[in-house]
Every structure is written in C-alpha cells, then in structure tokens.
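In what follows, a single structure is set out as structure tokens and then discussed.
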Amino acid sequence: MARAPLLQLSGISLTFGGNPVFDDLSLTVQPGDRVALVGRNGSGKSTLMKVMAGSVEADKGQVVIPAGVSVGYMEQEPDLSGFETLGDFAVSGLPEDEAYKIYVVAEGLKLNPETPIATASGGERRRAALAKLLAEAPELMLLDEPTNHLDIEAIEWLENELKETRAAFVLISHDRAFLKALTRATLWIDRGEVRRRESGFDGFEEWRETLWAEEDLARHKLDRKIKAEARWAVEGISARRKRNQGRVRALQDLRAERASQIRRQGTAAMEFESGPVSGKRVFEAEGLTKIFDDKIIVQDFDLRVLRGDRVAFVGPNGVGKTTLLKLLTGEIAPDAGTVKLGTNLEVAVFDQSRARLDPEASLWENLTGDPLMAVSGASDQIMVRGNPKHVVGYLKEFLFDEAQARAPVKSLSGGEKARLLLAKLMALPANLLILDEPTNDLDVETLDLLQDILGEFDGTVLLVSHDRDFIDRVATTTVAMEGQGRVTAYPGGWSDYVAQRPERGNGKAAVKAVKAAEAVRPPEPAKAQGLSFTEKKRFDELPEVIAKFEAEIAKLSELLGQEGLFEREPVKFRKASEMLAQRQDAMAAAEEEWMELAGKAEG
C-alpha cells in the first residue's frame, strides 16, 4: 500500500520585487526521500525551502503537510533571541528526558552548548540550529547548507548520521562529496522551473548538460524558423500585394515565444592574472614550531613549496590552519625554526571572514574605495589588472546587475559576497594566492570555474578548505594538521591523503557502537498466547524500546569515555553522567517488564 507523502506543494506561485520566483510549481516529498535541492546562487533554493517549511507564504497554491507529520527546518540564519546559551536554544522543544541528545549531537558537531549566545559566532549559531534539528529527529528534515562552518571531521560525522537516519530530508549544499554520498533524488531549480530526477546528485551535471543541449537545439530550430518566416514576409510584400495574414500572425507568435524565453545565467568572467614570475622557491620552512597559550600549533615541521604548487591545508576547526599560513608567509614569527621566502612574491589573500568587504558600504563603494583599485580623479572607474574600467561594467562580469551596484554589501547572499571578494582579488596581479575557505556559499558552476582558473594560474596557490571534492580537483599537496603540533604533508589531494594517512578515529566509533547496540535484540518466544491484546502489543514494542536505550547508552558511554572530558568540560560531563544513569535505569525497567511478559506468554 502506497504511503501518503510527507509534504505536497500544489500550484505554488511566488513573486519578489515584481519578478516571478516560481510559477505553478508542484512537487511531493515521500517518506524515505533523500533529495538534493540544487541550482545557481539566487535561483530560489532557500526561498523554496522556506515555502516548504511554512516560513514564507506563497502568493498562490497550497502546501499540505498531513496531520501528525513532523517537519524540521534548519535555516542559514537562525533566530536565537530569548535564550542565554546555545544549549538552551538547542534543547528548547525537547522533552526533559531527551535533553541528553543535544550533548551527543553537539560532540559530533564540535559545538559547546555552554557558549553564551551574545558571544557566539555565526557558525556556532548555525551548528546549534543543526544540533537542535538532529536531536528532535523530525520525519522530514529541511537542511539549508548544513556543512557551512563545519570542518571535515564534523562533515563526515554528519554524513554518517544522515546515512543512518530513517527520516526523509531535502538538502541544499554545494559540497559535491556530501551530496553524492547522501542523495537519491535531485530537485533542480533553473529559471523558476523545478525539475525532478529520480537519482542522486552523482550524474546530475551530465543530466543538466543534456537538457541544456536539447534546449539549445530547440532554440536554434526556432531561430531558423523565425528567420525563414521573416524572409517570406519581406519577399511577400514585394511579390504580392495581399499577404497571408494568418502566416504573419504566426510569425509574430514565434517572435513572442522567442522573446519570452529566459536565457541561462552565464558564468562570472573570473580570471587571475599572474604578476611578475616569482623565484622557483616560493618558501622553505625548516623545524617550524609555534605555541600559543600552551597550545601547540605546529612542532618541528618542514615544508618546501615551489612555484606552481597547489597546497591544501586541512584539519579540524581551531587547529591553527590560518596561523600556519601566516607563519609560512612571514606575517607572524615562529618560536623556533626558520622560513625562507622566495623572491618577487606578490600576494593576494581571500580571507574567510570577508574582512576586505565593508558590509555597510555599497558594492560600488567597496570597489572604488579600495586604494589598490582606485583611479585618481574618477569616481566611477577602478583599476583592473593595470587598466581603468567602469565599476558597473566590472560588476556585471561577476554577475551583479546595475541595481545591485548601489546596494549595501550586507544585503548580498553568502555566495554573492564570495563573488564580490573574488572580484576585488582578481583586479590585482599576483603570483601567490592565499585562499582561506573560498568555496563557502559558491554554487557548483562557480566552483567549477574557480577550479579551472586555478588550474590555469601560473603562480602558486595555498588553500584552506573543507570541501573534499574541491581539494581533490585542485591540490597537488595536502598538509594535514591533526592537533598537538602534528603536521604532515602528503602528495595529492584529499582522497590521496585519506589513502596514505595512518588509521585514526574519524568519528565512526560512535556509529559502530550504536550499530552494535542496535544489533542486540532479546529473543521473542514463538508464541504469546497467554497475553491480552494490550500486553501483546507492549510485548512486541519492547525489543525496539530496549534497543533504543542500548543505542543511547552506547552514545553516552562513547562521549564520557573521551580522555580529559571531565577536566575540560565538567558541566557537560555531569549532565551526560546523569543522563546515562537515567537511560540505564529505564532500560533495566524495560528488560524486567519484557521478562515478565515473556514468562506470562510461555505460561
């Protein structure tokens, strides 16, 4: 028997600022669906997800969620007002006896629940929203860029959690590896139209290119037909006094059809121009050591980088990747060891904090006000790789329209801010690029373009990223920072590093423990004839209840077994200990109840 859909959209139409976002859109999400929601930046992915969640009301159409179905939405900018700590927000809405789940999930996401909201970063707020959603475990999860601000270890942990869940989910992400590992269907938003493909993200790009090729062929045929009919109309005037008016009207209809077609958004005109050729040796580090407040960032590390190398730096958040970059480029001094910089280095830096962008100023002001780009005596010109260019014309090359030029930077999406920062970076010649998290918020097409231009760039690239697919496509060397000063360079990209690194715990231990616990089931007797209907129902439910307790106990035991947890986070240790005792008592009671019912059934 077919199950009812968890969510159904019928005839949805929505307009923002006079421009239609969707028109007569219909789609369903079924139990067990694992859907990738993809499209260009600004195509309406987050808006569609907000319509699904009910936080944005459509102009027309219906959103139907059957009674009793729970839907959870993780948005990019969660509202945490009214709570003191991230943990307070995350546990809100959970029954008291399930509050422990937040601490288990927070461990995987590397979130400190005791962090005051007043001092929490944007990334910490997003992780708190994600932890809340995972702990609540709704039947349908709507996840908008859940991997942003997660390091690779946390991404792998989340990937495992979503692989194990029985819930359906719709997922927006630009992380190819994440999408390929998790999704079984794809929703593609393209110029207001949503197409569904009953296959995961792997293979999406080939499908998209096939559809675009078919579209181009149909447009070419239409253009040829219009041209032929237009020639007939002109020749008909000279050859005959009376033309076929029906055919003329048909030509007008063809032209209207062609005019109504929405052209695909192009790609940004991104290009890095190499400055003067640097020396063959870009830098050489020997015995590099740095310690901050008893935290060892790097110890006795050697690295040689030559012109043309693409070096990716990977490791957990907070391990010191940005600090190591600053050590290698001479921005800060090491405690021990030496760094020898090469000659003729011209450096361009893409920083993950977007510090080079003034959020209150307009796009126009951010470009013309940059002293490295300003043109003396011209308020509407900027210097682009040694040549003056009109600021609006340059912005259009990066897919910004004229109306956006005077808008404040804070009004831009994350992907648009990244594009604007790349526009500033690419206006200057450089032979050493330092890219700190450049892939956050960029859509797949822009990531492809960035990958291509980095491949063609004549200079050297130092890259910090948590995008495993992007590292694989770009890096020739991967420098792994694993904490306590352990830093090792491996040839190749992320997959090469994984193949070469020593075996280490990568967040899978807890998953294995849960699977082992779930595999344990008390044996059911062949017959339960001595039980009433209610007792029989309870008897059938208890094995699953006991297995659930076992899985929860396994997770809590894994958490409490971490070395130094008591000294490092005593509040978390105490709460987790209390929750473990509660779960153990509850499981013992459930097992005793099962034994009593089993005895009664056999009697």
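Scanning the range 422-443 for residues that are at pLDDT 80 or above and surrounded by fewer than 21 Cβ atoms within 10 Å (Cβ to Cβ), which turns out nearest to LEU357 (Cα to Cα)?
The residue in question is LYS424.
Return only the number of the condition from (1) part of a strand (DSSP E or B); (2) among the aliphatic types (A, V, I, L, M); (3) under 31 Å from the mean Cα position of the chain (by Cα) that ALA355 does not satisfy.
Unmet condition: (1).
Based on this model, can you work out whether ALA418 counts as within 28 Å of LEU327 (Cα to Cα), in contact with a strand residue (DSSP E or B) (Cβ under 8 Å, 6 or more places away or on another chain) and among the aliphatic types (A, V, I, L, M)?
no
All but one of (1) at pLDDT 95 or above; (2) under 13 Å from the mean Cα position of the chain (by Cα) hold for ILE172; which doesn't?
In the conditions (1) at pLDDT 95 or above; (2) under 13 Å from the mean Cα position of the chain (by Cα), ILE172 misses (1) alone.
Looking at (1) touching a Phe, Trp or Tyr at 6+ places or on another chain (Cβ under 6 Å); (2) modelled with pLDDT under 90, find the lone condition where VAL104 falls short.
Every listed condition holds for VAL104 apart from (1).
If you take just the helices (runs of 4 or more DSSP H) that sit entirely in the range 484-591, which of them hold at least 2 residues that are small (Gly, Ala, Ser), closer than 25 Å to LEU109 by Cα and at pLDDT below 65?
Answer list for the range 484-591: 509-518.
Do we find that GLU402 is of a type in the set (D, E, K, R), under 25 Å from GLU437 (Cβ atoms) and out of contact with any strand residue (DSSP E or B) (no Cβ under 7 Å at 6 or more places or on another chain) in this structure?
no
Give all pairs with beta carbons closer than 8 Å in which a residue from the range 37-48 that is over 19 Å from ARG184 (Cα atoms) and outside the structural domain of ASP443 (by TED's automatic domain parsing) meets a residue that is hydroxyl-bearing (Ser, Thr, Tyr) and not in a helix (DSSP H, G or I); count only pairs at least 6 apart in sequence or on separate chains.
Once the first residue is over 19 Å from ARG184 (Cα atoms) and outside the structural domain of ASP443 (by TED's automatic domain parsing) and sits in the range 37-48, its partners that are hydroxyl-bearing (Ser, Thr, Tyr) and not in a helix (DSSP H, G or I) give ASN41/SER413; GLY42/SER413.
Regarding VAL305, is this residue of a type outside the set (Gly, Ala, Ser), surrounded by 14 or more Cβ atoms within 10 Å (Cβ to Cβ) and within 27 Å of ASP151 (Cα to Cα)?
Criteria met by VAL305.
The values are calculated or read from the model by the stated rules, or taken from the named source; none is laboratory data. Keep in mind that this is a model prediction, so the values were computed, not measured. Because the Cβ atoms are built from the backbone with ideal geometry, glycine has one as well, and the counts that use them run over all protein chains shown.
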